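To start, the structure under review is shown below, and the notes come after it.
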Amino acid sequence: MDAADLAYAGAARQAELIRAGEVSARELVEMTLERIERVEPEINAYRVVIGERALVEASRADRRRAAGEDLPLCGVPVAIKDNVQVAGEVTTHGTAAYDPRPAADDAEMVKRLRRAGAVVIGKTNMPEMAIIGDTESPTWGATRNPWDTDRSPGGSSGGSAAAVAAGLAGAGQASDGAGSIRIPAASCGLFGLKPQRGRVSLAPDPKHWHGLSVAGAVTRTVADNALFLDVVSGSVPGDAHCAPAPRRPFAEAARDLPPKLRIALSRRPLVPSRLDGEVRRALEGTAEMLRSLGHDVRERSPALNGVGLAFMPRFLKGMQDEAQAMARPRRLQRRTRGFTNLGNAIPGAALRLALRDEARHAARINRLFDDFDVLLTPTTAAPPVRSGQWEGLGALRTLDGMGRAYPYTAVWNLTGQPAASVPAGFTAEGLPLAVQLIGRPGDEDTLFSLAGQMEAERPWADRRPPVG
């Protein structure tokens, strides 16, 4: 296998090759570091590359494999988003306001990745405090989309998505508080699943953005994502949320064909937004493909009334809390200070009401699943936005722009249930398109199974961006 094929093989296949002895972990990491050195200046996916330490970890993975250890992610280079602790590295949250002291310990999910044999190769760029659906900041610059460097990779996990799309990591750890796994996955032609709330521990944090945020990954294939989630799943004491145990390993679900499913098709956005014609055609083409696979696809929309009013207090108060926790808050950019001012203006009673009303909203929205197994929607209203789409704008204008571009994702952070972005072809200009699958609470199993079937019918991972 040549270097490019290995770079784009994805986490699951890379681990298989190392376990079979066809390539060593050291060789894979050396190749990835060489590729990062060559391609990274063009896309700026990484805030920091941890090259020497990654080589040491790769050699350790080779020794563990030789000793007979069962390592699901043996030697796979994994990128970590820069709002997650990696021991010995600072955590910047995409801002100049960060605490300059290196983390004393790994976050829980990083510990689990290392135990599984993964190699942490670097920390990826993100917008300041993970607020916006682009990946740019005055401190760390703009991350570019590997499919078109004039376009955004999405946000806030855009650095992780750009790294995986460009073959600079086998998998990219990501987080999602309003779409930040699914939007970058859609923008970069990847598979991204927002797990059930509580599926992956956020420790040392008990929760984030008042329960809106979850952690997962952006990956080249469904199998890569399922393997990653199997490795990092599980709660620890102190977590605010705990998901029900899955029915079986997610990697098994990704391999198995689903039964005939009842699938609801909806174009209804949370806020008024124009659906791009190519996105609409991708959605309708996906619905036809699913019908051809034997599924019953019918138009039906969930009841979304009142969701925005329930979501925004948690979203904005979360930003206020995070800004106050920064070591040097005066260094926050003007737009971020605008968001925190909006959070300051929300009374505590409004936040308590929003948290109290979550169960009521979720019950109403999820009545759709009395009649359907899965909901199919667009992931975004348009193809990838231009890089720096909201640069220089204030908080309110940025919120308005993001609402129009990304009106399909935030609902499922409020309800907490799993949702995935699945590649759905390309525009005439060669930009990625995607659709979103939403499952019942706790049912990642069905999403992995259905997405795996969609990938087998309409493969996407063999197409590569023009960078590098």
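Taken together, the values in this text are just the output of simple stated rules run on the coordinates, not laboratory data. All of these numbers come straight from a predicted model, not from anything done at the bench. Positions of Cβ are generated from backbone atoms using ideal geometry, with glycine treated the same way; all protein chains shown enter the neighbour counts.
Structure data summary
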{"quantity": "Cα-centred dipole magnitude for the stretch 314-468, charges only on beta-carbon of K, R (+1) and D, E (-1), debye, nearest 20", "calculated": "1120"}
{"quantity": "Order of Arg330, Arg458, Arg144 - criterion: other Cβ atoms within 10 Å of each residue's Cβ, fewest first", "calculated": "Arg330, Arg458, Arg144"}
{"quantity": "Set of lysines with alpha-carbon distance to Lys81 below 16 Å, sequence-local pairs under 8 removed", "calculated": "Lys111, Lys123, Lys194"}
{"quantity": "DSSP bridge pairs, the chain: antiparallel proportion in percent, nearest 5", "calculated": "65"}
{"quantity": "Structure-derived Rg/Rh (Cα atoms, Kirkwood Rh) - corresponding label in [x] 0.94; [y] 1.00; [z] 0.98", "calculated": "[x]"}
{"quantity": "Within the stretch 59-87, backbone nitrogen closer than 14 Å to the virtual label 7 Å beyond the Cα of Arg331 toward Cβ", "calculated": "none"}
{"quantity": "Segment Arg115-Ala245, extension gain: residue separation times 0.36 nm, minus the distance between their alpha carbons", "calculated": "44.7 nm"}
{"quantity": "Where N is the number of residues in the stretch 42-127, Cα Rg divided by 2.2 N^0.38 Å", "calculated": "1.13"}
{"quantity": "Under 5 Å, built H, 5+ apart or other chain: amide partners of Asp148", "calculated": "none"}
{"quantity": "Sites Ala4 and Ala104 - FRET efficiency at Förster radius 41 Å, r taken between beta-carbons, to 0.05", "calculated": "0.60"}
{"quantity": "The stretch 274-305 and the stretch 384-422: distance between their alpha carbon centers, rounded to Å", "calculated": "20"}
{"quantity": "Helical contribution to [θ] at 222 nm, DSSP H n ≥ 4, -39,500 (n - 2.57), averaged over the chain, rounded to 500", "calculated": "-12000 deg cm²/dmol"}
